Amino acid sequence: MSKSVFKPNKEFAKTARIKNMCEYQALQEEAMEDYEGFWGRYAKEKLDWIEPFNEVMDESNFPFVKWFKDGKLNVAEQCIDRHLKTRKNKAAIIFEGDRGDKQIITYLELYYNVNRFANLLKKEFGVKKGDRVVIYMPMIPEAAYAMLACARIGAIHSIVFGGFSAEALRDRIEDADAKVVITADGAYRKDKPYMLKPVVDQALEGGSPVNKVLVVERNDEDITWVAGRDYSYNELIKSQEVHCEPEVMDSEDPLFLLYTSGSTGKPKGVQHNSAGYILWAQMTMEWVFDVKENDTYWCTADVGWITGHTYIVYGPLAMGATTVIFEGVPTYPDAGRPWKMVEEYKINQFYTAPTAIRVLHKMGEDEPAKYDLSSLKVLGTVGEPIDPPAWKWYYEEVGSSKCAIVDTYWQTETGGHIVSPLPGATPIKPACATLPLPGIMGEILDPVTGERVETGETGYMCVTRPWPSMIRGVWGDEERFVKSYFGDVKKNGKPIYFTGDGAVYDEDGYITITGRTDDVINVSGHRMGTAEIEAAIKKHPNVAEVAVVGKPHELKGEGIFAYVVLKSDDGVADEVEEVKAINNVIKKEIGNIALCDDIVFAPGLPKTRSGKIMRRILRSIAKGEAITQDISTLEDPSIVEKIENMVKSK
Ligand code: PRX
């Protein structure tokens with residue numbers, strides 16, 4: 001079915017960095033003809049090197065690829081120091097707290113704050129190049145300072161999203177063997193304090209590699225201080241010097257780890273390195289958001305996810321932009337909050353997730369009209385497919401039908417956008433990520449033949465050549481890195497990067513992402529492994545078996561649906577209590593973000609004779625679809641009808 005097409009705003013296109021499709025095609029052709037020349041040119045143009053690189057790309061040990069070999073730089077310097085000549089009094093960060101408190105941090109102030117923070121880590125805590133530092137923080141400027149301070153001294157940060165539980169935090173600390181945790185006492189949400197430090201205390205109980213905890217005092221609630229381990233940032237920072245020599249980093253020295261879900265129970269520590277990551281973060285900021293010198297840009301993500309890394313902190317600061325950090329929730333005190341902020345700060349680019357758009361649409365359909373949103377030029381979405389009604393509202397009511405919507409497709413592993421419209425060039429279609437960005441060899445391939453799929457045929461979304469910001473490894477597990485990303489699809493007999501997503505070309509060659517092909521579900525734009533949720537539920541002593549699937553959800557995109565077989569045969573004594581107990585286990589093991597929307601206590605699970613759970617059947621039942629697959633090969637085909645009836649009667 002052909003979708004409506006919306007051409008770029010002509011006025012906007014006149015001054016855009018990429019002004020039309022001819023320019024896009026010229027760039028993509030340049031990259032195809034001289035791949036290394038293309039990337040080498042941008043690496044020289046965009047980055048300030050302490051020592052130049054000698055080779056653009058070395059793929060001799062694929063998939064362990066090296067970019068900008070022998071080059072030396074420091075990512076914090078890219079994000080701060082080099083702007084001091086021309087932008088020292090420009091706002092680097094605009095912060096708005098949940099309660100409406102505001103701070104503007106100039107590039108010069110950012111330089112001082114980050115250097116003090118870096119000195120604190122180095123001198124008081126003895127953090128050295130290559131050490132892992134876990135950051136478990138709310139959305140406050142200190143989270144950005146912490147990241148950049150690590151980058152400045154060459155420490156590898158690993159941010160754990162503040163919604164994760166103590167157990168999830170403990171696993172990530174242990175996997176990375178981190179020595180230091182940076183946290184806050186807590187922060188504010190919907191005008192009330194919430195706490196983080198007690199979660200850290202719990203995560204460190206019973207022995208941990210961590211010997212120092214730095215606490216930013218944000219909400220001044222009472223917390224427990226462990227002598228010799230816990231230190232107040234607010235106290236220690238006062239005496240730190242404002243200059244800290246940046247560590248000279250190799251292009252391929254690790255910058256950060258970010259744990260993400262895969263199809264097994266254990267999250268993967270995705271590793272990104274210095275030069276390639278920061279180059280693409282900056283280039284995509286410039287191309288996809290087209291941020292200009294006097295613009296104010298706001299991405300509503302959390303720094304705990306990759307979007308917060310690349311498009312709140314590293315990308316905007318690398319290009320010298322003004323980035324907004326917001327502590328609160330977009331629907332508090334009402335669903336007009338983001339639009340009020342757009343009006344107040346004259347936001348030019350606004351970037352959020354479809355789940356937020358759906359909620360804002362549902363709770364405040366008429367709110368955008370109450371504010372002056374005329375400053376907006378580009379609207380972005382990320383994290384999950386956006387549905388056409390939400391897209392339409394966003395385009396018409398928020399963007400007054402004059403702003404491009406950039407539906408950016410990418411992942412933790414890709415470091416930055418890989419498929420996205422360019423706001424001044426690409427004619428857009430609702431809910432369509434459109435075309436690979438210049439330099440990215442994105443293709444939809446048939447997993448069996450490795451050939452490009454025909455129009456309308458679903459295939460696997462792949463990237464056929466390494467690119468600078470691609471994942472460099474899974475922390476501590478080379479084999480998992482190779483198997484997870486380079487094991488499924490081959491092109492011309494050669495393994496290539498497979499994203500895990502299905503996708504389809506339309507008649508214009510545009511790419512629409514159809515969703516994950518593995519057991520990963522996308523809840524409110526957060527990637528959750530079903531195996532991870534199952535492993536948590538299995539910790540409940542009365543659970544014999546469990547299978548988790550995704551089910552379409554009006555606001556969250558996908559909801560979590562669990563089929564649980566209990567150990568006791570006498571049925572479920574109190575279903576409400578049992579559901580509560582299971583959700584409590586999930587809360588403890590992972591956090592509230594993984595709570596189930598539906599739990600069905602099934603008499604058994606549909607399995608093949610070899611014992612494999614037929615998840616496809618469970619997915620169909622959860623969606624209320626008719627079962628079309630052959631169930632005669634199941635160990636007990638009658639189980640399907642029993643479960644279907646239970647779900648229907650719920
Ligand atoms: O399934 C795709 C979906 O989100 C996954 C990546 O999740 P994560 O690593 O947590 O990063 C989220 C932010 C980049 C992808 O494998 N996804 C991301 N962007 C889109 C998307 N699905 C459809 N359209 C998008 N624009």
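The values are calculated or read from the model by the stated rules, or taken from the named source; none is laboratory data. As the structure is a prediction and not an experimental result, all values here were calculated from the model. Methodologically, a virtual Cβ is constructed for each residue, glycine included, from the backbone with ideal geometry; neighbour enumeration extends over all protein chains shown. The area values use the complete protein model at the heavy-atom level, side chains included, leaving out ligands, DNA and RNA. Shrake-Rupley method; radii C 1.70, N 1.55, O 1.52, S 1.80 Å.
Counting only residues that are out of contact with any strand residue (DSSP E or B) (no Cβ under 6 Å at 6 or more places or on another chain) and not in a loop (DSSP other than H, G, I, E, B), the range 176-192 holds 4 of them.
Kindly provide the set of residues from the range 525-551 that are open to solvent by 10 Å² or more (accessible area, probe 1.4 Å) and within 11 Å of the ligand (Cβ to nearest atom), ordered by number. If the condition is that a residue be open to solvent by 10 Å² or more (accessible area, probe 1.4 Å) and within 11 Å of the ligand (Cβ to nearest atom), then Gly525, His526, Arg527 are the ones that fit.
Yes/no matrix, rows are residues, columns are (1) within 16 Å of the ligand (Cβ to nearest atom); (2) in contact with a helix residue (DSSP H, G or I) (Cβ under 6 Å, 6 or more places away or on another chain); (3) among the hydroxyl-bearing types (Ser, Thr, Tyr); (4) modelled with pLDDT of 95 or more:
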{"residue": "Tyr314", "(1), (2), (3), (4)": "yes, yes, yes, yes"}
{"residue": "Ala318", "(1), (2), (3), (4)": "no, yes, no, yes"}
{"residue": "Thr323", "(1), (2), (3), (4)": "no, yes, yes, yes"}
{"residue": "Arg337", "(1), (2), (3), (4)": "no, no, no, yes"}
{"residue": "Met341", "(1), (2), (3), (4)": "no, no, no, yes"}
{"residue": "Thr352", "(1), (2), (3), (4)": "yes, no, yes, yes"}
{"residue": "Leu360", "(1), (2), (3), (4)": "no, no, no, yes"}
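Would you call Ala622 of a type in the set (A, V, I, L, M), outside any helix (DSSP H, G or I) and crowded, with 18+ Cβ neighbours inside 10 Å?
Working: of a type in the set (A, V, I, L, M): yes; outside any helix (DSSP H, G or I): no; crowded, with 18+ Cβ neighbours inside 10 Å: yes.
Here the answer is no, as Ala622 does not meet what is asked.
Scan the range 478-513 for residues that are within 16 Å of the ligand (Cβ to nearest atom), open to solvent by 20 Å² or more (accessible area, probe 1.4 Å) and in a strand (DSSP E or B) and jot them down. Scanning the range 478-513 gives Val504, Thr512, Ile513. Filter the range 390-405 down to the residues that are closer than 17 Å to Ser4 by Cα and either charged (D, E, K, R) or within 16 Å of the ligand (Cβ to nearest atom) (or both) and list them by number. Answer for the range 390-405, where residues must be closer than 17 Å to Ser4 by Cα and either charged (D, E, K, R) or within 16 Å of the ligand (Cβ to nearest atom) (or both): Ala390, Trp391, Lys392, Tyr394, Tyr395, Glu396, Lys402, Ala404, Ile405.
From the set of residues in the range 533-547 that are in contact (Cβ under 8 Å) with a residue 24 or more places away in the chain, out of contact with any Phe, Trp or Tyr (no Cβ under 7 Å at 6 or more places or on another chain) and of a type in the set (A, V, I, L, M), which is nearest to Asp519 (Cα to Cα)? Taking the candidates together, the pick is Ile533. Just give me the residues in the range 553-594 being crowded, with 19+ Cβ neighbours inside 10 Å and in a loop (DSSP other than H, G, I, E, B), in sequence order. Matches in the range 553-594: Lys556, Ile590.
The numbered conditions (1) within 15 Å of the ligand (Cβ to nearest atom); (2) touching a residue at least 24 places away in the same chain (Cβ under 8 Å) are all true for Arg516 except (2). For the range 407-416, give me the residue count where each residue is more than 8 Å from the ligand (Cβ to nearest atom) and either open to solvent by 10 Å² or more (accessible area, probe 1.4 Å) or touching a strand residue (DSSP E or B) at 6+ places or on another chain (Cβ under 8 Å) (or both). Summing the residues that are more than 8 Å from the ligand (Cβ to nearest atom) and either open to solvent by 10 Å² or more (accessible area, probe 1.4 Å) or touching a strand residue (DSSP E or B) at 6+ places or on another chain (Cβ under 8 Å) (or both) in the range 407-416 gives 1. Scanning the range 26-50 for residues that are open to solvent by less than 70 Å² (accessible area, probe 1.4 Å) and touching a helix residue (DSSP H, G or I) at 6+ places or on another chain (Cβ under 7 Å) gives Glu30, Ala31, Phe38, Tyr42, Ala43, Lys46, Leu47. Scan the range 427-443 and give yes if some residue there is without any contact (Cβ under 8 Å) to a residue 40 or more places away in the chain, surrounded by fewer than 20 Cβ atoms within 10 Å (Cβ to Cβ) and outside the structural domain of Arg616 (by TED's automatic domain parsing), otherwise no. No, that holds for no residue. Of all residues being more than 9 Å from the ligand (Cβ to nearest atom) and of a type in the set (D, E, K, R) in the range 377-389, which is nearest to Met441 (Cα to Cα)? Just the residue, please. The residue in question is Asp387. With respect to the stated conditions, Asp177 is in the same structural domain as Gly163 (by TED's automatic domain parsing), within 24 Å of Gln271 (Cα to Cα) and either of a type outside the set (A, V, I, L, M, F, W, C) or free of Cβ contacts under 8 Å to residues at least 24 places away in the same chain (or both). If you go through the range 169-198 and keep only what is under 27 Å from Lys128 (Cβ atoms) and hydrophobic (A, V, I, L, M, F, W, C), you end up with Leu169, Ile173, Ala176, Ala178, Val180, Val181, Ile182, Ala184, Leu196. If the condition is being within 14 Å of the ligand (Cβ to nearest atom) and either of a type in the set (Gly, Ala, Ser) or at pLDDT below 95 (or both), then the range 431-452 contributes Ala431, Ala433, Gly442.
Just one of (1) part of a strand (DSSP E or B); (2) touching a helix residue (DSSP H, G or I) at 6+ places or on another chain (Cβ under 6 Å) fails for Gly439. It is (1). Phe53 fulfils the conditions (1) under 16 Å from Ile440 (Cα atoms); (2) buried (at least 20 other Cβ atoms within 10 Å of the Cβ); (3) more than 27 Å from the chain's Cα centre (by Cα) except for a single criterion, (1).
If you go through the range 9-25 and keep only what is open to solvent by 30 Å² or more (accessible area, probe 1.4 Å) and in a loop (DSSP other than H, G, I, E, B), you end up with Asn9, Arg17, Lys19, Asn20.
Quick check, is Ser374 polar (S, T, N, Q), open to solvent by 10 Å² or more (accessible area, probe 1.4 Å) and either away from the ligand (no atom under 15 Å from the Cβ) or outside the structural domain of Leu258 (by TED's automatic domain parsing) (or both)? Outline the logic, then answer.
Details: polar (S, T, N, Q): yes; open to solvent by 10 Å² or more (accessible area, probe 1.4 Å): yes; either away from the ligand (no atom under 15 Å from the Cβ) or outside the structural domain of Leu258 (by TED's automatic domain parsing) (or both): yes.
Yes; evaluated as a whole, the condition is true for this residue.
Of the strands (runs of 3 or more DSSP E) entirely within the range 203-283, none holds at least 3 residues that are of a type in the set (A, V, I, L, M, F, W, C), farther than 30 Å from Arg99 by Cα and open to solvent by 40 Å² or more (accessible area, probe 1.4 Å).
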